[in-house]
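These notes concern the structure reproduced below.
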Amino acid sequence: MHDGGGPVAVAVVNYAGRLIAFAAMDNVMPASIKLAQSKAYSAVVGNRDTIHWAAFKKNIDTVDFDMRNWTDKNFTGFTGGIIITYDDQLIGGIGVSGRKGKRDEGDILMQDNELAEYGRSMLQLQNTGEPTNHIKMNMDN
């Protein structure tokens, strides 16, 4: 699918954060290739969508919360990494990179975070055959 926006890279990881699938559009920025993988990995090891890390409040009196400062050089807090669950079990993650982190008011095209969420919604649709409430909300956009 090409929506007319900038090229992206997409990574899918398993429950352990190991890469199991990858695709990149022609002319994607080289940094987006690694970053898509880091976003998917970070969602899984952090057990939450990376948009939550990006929104983490910074305290100027302490060291910024950045997992790379503590334990993991592959961790990123950039938006565009989402977890995949099945029966409330974490089974993997999707990372998308190449555009802005998330859609701003006035943006017409999906950005990294929305593209990753769209991927997750398509997996949910295939698993159940019926759209979930999350998918129904996104289909209206």
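The values are calculated or read from the model by the stated rules, or taken from the named source; none is laboratory data. The model shown is predicted, which means the values in this text are computed figures rather than measured ones. Cβ: placed from backbone, ideal geometry, glycine included. Neighbour counts: every protein chain shown.
Couple of notes before you dig in:
- Residue within the stretch 131-141 that is more than 10 Å from the chain's Cα centre (by Cα) and modelled with pLDDT of 90 or more present: no
- Within the stretch 30-47, tally of residues that are farther than 16 Å from residue 72 by Cα and either loosely packed, with under 15 Cβ neighbours inside 10 Å or touching a helix residue (DSSP H, G or I) at 6+ places or on another chain (Cβ under 6 Å) (or both): 2
- Every residue from the stretch 115-130 that is at pLDDT below 70 and outside any loop (DSSP other than H, G, I, E, B): 124, 125, 126, 127, 128
- Test: residue in the stretch 97-114 that is buried (at least 16 other Cβ atoms within 10 Å of the Cβ), assigned to a strand (DSSP E or B) and at pLDDT 60 or above: yes
- Candidate set from the stretch 78-96 (those that are of a type outside the set (Val, Ile, Thr), assigned to a strand (DSSP E or B) and modelled with pLDDT of 90 or more); member that is farthest from residue 51 (Cα to Cα): 89
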